[in-house]
Amino acid sequence: MKKIITYFVGALLFAGTTASAQNLARNEMLLNAVSFINTPYGVKTLDMNNEEQLVLNTDEVDCVTLVENVLAMSLAEDSQTMAVNEQDFTRWLTKIRYRNGVINGYTSRLHYMTEWIANGINQGFLEDITAVQSPYTLKTDIHYMTSHVNDYPKLQLSADNVNRMKQIETAISGQEVHYVPKDYLTDEGFFWIRSGDIIAITTNTPGLDIAHMGIAMNVDGTLALLHASTTDMKVEVSKVSLKEMLRRNKSWTGVRVIRMKK
């Protein structure tokens, strides 16, 4: 298992800009996220085993497993020593990744971020900041996985998994959730978006709720995204603002802002 955890204090340079050490030193989520910079992008790292089991992999990540690892490390971290042991990390990662923290087959994993967020809120370790701060809402209509069964081998091989996933999609569809439409987001973000917050990017892709995730980071007064990039195939801080990232992607419609509770 990869490092848990090495900290350093000082100026950090990202794409020619500086993030203050003061900002990092008091922010577990941001510190842990920064420790993943340059980690390789990994594809389908959770689907390598025949049977569903917890995968511990901090050596390669995608956008979701990056956020899950950072959140688990931050929740497991001792506030006095800043140490994380593997047992606590494993316990938190299970609570984050699986419905009610119980591993019971492929469909017990929280594949859709609408349910992933709700699970964290229900278990008390996440809060939905946009639900308080943004008046804008959208209604979920989720069916992407069962509409693209050929893209998911564990659905292809199991009619039971397909049927169960259809039930899950039906249960989480029709929900009204708060978000910030991308036209209203500024390059600077808003005062209520903090470095270390989880950013979930909403999409107009039919059947899908969230297209990408990352960690908010204030870089010289600009709201950037620390994320696992499919362009550069590694974890990095965006070279442009989050607003500009959204503008460049026609299928991305806005953001949900979620915060760790500890």
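The values are calculated or read from the model by the stated rules, or taken from the named source; none is laboratory data. On a predicted model such as this, the values are computed, not experimentally measured, just so you know. Every residue, glycine as well, gets a Cβ built from its backbone with ideal geometry; the counts of neighbours run over all protein chains shown.
Which residue pairs have Cβ atoms under 6 Å apart, sit 6 or more places apart or on different chains, and have a first residue in segment 159-186 that is without any contact (Cβ under 8 Å) to a residue 40 or more places away in the chain and a second that is of a type in the set (A, V, I, L, M, F, W, C)? Sorted first by the residue in segment 159-186, then by its partner, the pairs are Val162/Leu155; Ser173/Ile142. Contact map, segment 217-245: residues that are closer than 18 Å to Glu60 by Cβ paired with residues that are assigned to a strand (DSSP E or B) and acidic (Asp, Glu), Cβ distance under 9 Å, separation 6+ or inter-chain. Pairs shown: Leu226/Glu236; His227/Glu236; Ala228/Glu236; Ser229/Glu236.
So, in segment 41-64, of the ones that are among the hydrophobic types (A, V, I, L, M, F, W, C) and not in a loop (DSSP other than H, G, I, E, B), which residue ends up farthest from the chain's Cα centre (by Cα)? It comes out as Leu46. Within segment 120-139, count every residue that is of a type outside the set (Phe, Trp, Tyr) and assigned to a loop (DSSP other than H, G, I, E, B). So the count comes out to 3.
Looking across segment 228-247, the residues that are outside any strand (DSSP E or B) and of a type in the set (A, V, I, L, M, F, W, C) come down to Met233, Val240, Leu242, Met245, Leu246.
Residues in segment 231-249 that are surrounded by fewer than 16 Cβ atoms within 10 Å (Cβ to Cβ), within 18 Å of Lys182 (Cβ to Cβ) and hydrophobic (A, V, I, L, M, F, W, C): Val240 only.
For segment 197-250, which positions are under 29 Å from Lys139 (Cβ atoms) and among the basic types (Lys, Arg)? Listed by number, the residues that qualify are Lys243, Arg247, Arg248, Lys250. Condition first: in a helix (DSSP H, G or I), more than 17 Å from the chain's Cα centre (by Cα), closer than 20 Å to Leu223 by Cα and free of Cβ contacts under 8 Å to residues at least 24 places away in the same chain. Can you find one or more residues in segment 25-35 that meet it? The answer is yes; a qualifying residue exists. If the condition is being within 28 Å of Asp183 (Cβ to Cβ), surrounded by 18 or more Cβ atoms within 10 Å (Cβ to Cβ) and not acidic (Asp, Glu), then segment 121-139 contributes Leu126, Ile129, Thr130, Ser134. Scanning segment 68-87 for any residue that is closer than 23 Å to Tyr152 by Cβ and either assigned to a helix (DSSP H, G or I) or free of Cβ contacts under 8 Å to residues at least 12 places away in the same chain (or both) turns up at least one such residue.
Being outside any helix (DSSP H, G or I), under 19 Å from the mean Cα position of the chain (by Cα) and in contact (Cβ under 8 Å) with a residue 60 or more places away in the chain holds for only one residue in Ile117, Ile142, and it is Ile142. Of all the numbered requirements in (1) over 21 Å from His212 (Cα atoms); (2) at pLDDT below 95, Arg91 misses one, and that requirement is (2).
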